[in-house]
Amino acid sequence: MLTPAQDAPLEGMLHWVAYAATGIELLAVVIIVVVIVFGTVSYSLKILTRQADQTTYSDFRRRIGRALLLGLEILVAADIIRTVVLEPTLNNVLVLGLLVLIRTFLSWSLVLEIEERWPWQASHGRTKD
């Protein structure tokens, strides 16, 4: 068993890891919000100034979808850090696994919606390696 003097550096490190995980979660939220705000403003300006064409809406959807994908991936990283380092109990690992499954499903759905292909299929412009 660790003495209080030996336990103090470990406690301090765990607090920094918790702050890092929270910071990573905030980064994901900021990325999503900033892209949605700027994308919406850009899209609205194109509509209002009559510069919109057939690709304007699909470009807007693609930009928002990619921001959501990036945000989901960053949130998964934060969850992994929080679970593995801070609270590595069996229950928390099971909850993490469920969250990763849900977010993977959401990511696949977004890729299907944005790129009109499954994530494991080659892009429309490329052949599969």
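Quick notes on this one:
- Annotation: E116 carries an accessible surface of approximately 130 Å², with a 1.4 Å probe and no ligand, DNA or RNA atoms counted.
- In degrees, nearest ten, helix 4-48 long axis to first principal axis of the chain (Cα): 10 degrees
- Accessible surface of E115 - all protein chains present, 1.4 Å probe, nearest 10 Å²: 60 Å²
- Pairwise inverse Cα distances across the chain, averaged and inverted, put the Kirkwood hydrodynamic radius at 17.6 Å.
- Residue-averaged 222 nm ellipticity for the chain, from DSSP H runs of 4+ at -39500 (n - 2.57), nearest 500: -27500 deg cm²/dmol
- Modelled FRET efficiency - R0 30 Å, I36 with L101, Cβ distances, 0.05 increments: 0.75
- Rounded to the nearest whole angstrom, the semi-axes of the ellipsoid equivalent to the stretch 70-129, taken from the Cα gyration tensor as √(5λ), stand at 30, 10, 10, largest first.
- For the chain, the longest principal axis of the alpha carbon atoms and the long axis of helix 90-115 meet at an angle near 10°.
- Accessible surface of L72, taken over heavy atoms with a 1.4 Å probe and every protein chain present, rounds to 30 Å².
- Descending Cα extents along the principal axes, the stretch 1-77, whole Å: 70, 17, 7
- Candidates A20, A28, A67, ranked by Gaussian network fluctuation over the chain, Cα under 10 Å, top entry: A20
- The candidates D79, D59, D53, arranged from most to least accessible area with a 1.4 Å probe in the full protein assembly, appear as D53, D59, D79.
The values are calculated or read from the model by the stated rules, or taken from the named source; none is laboratory data. Here the structure is a predicted model, which means the values were calculated and not measured. Cβ atoms come from the backbone with ideal geometry, glycine included; neighbour counts cover every protein chain shown. Side chains included, ligands, DNA and RNA excluded: accessible areas come from the protein's heavy atoms. Shrake-Rupley method; radii C 1.70, N 1.55, O 1.52, S 1.80 Å.
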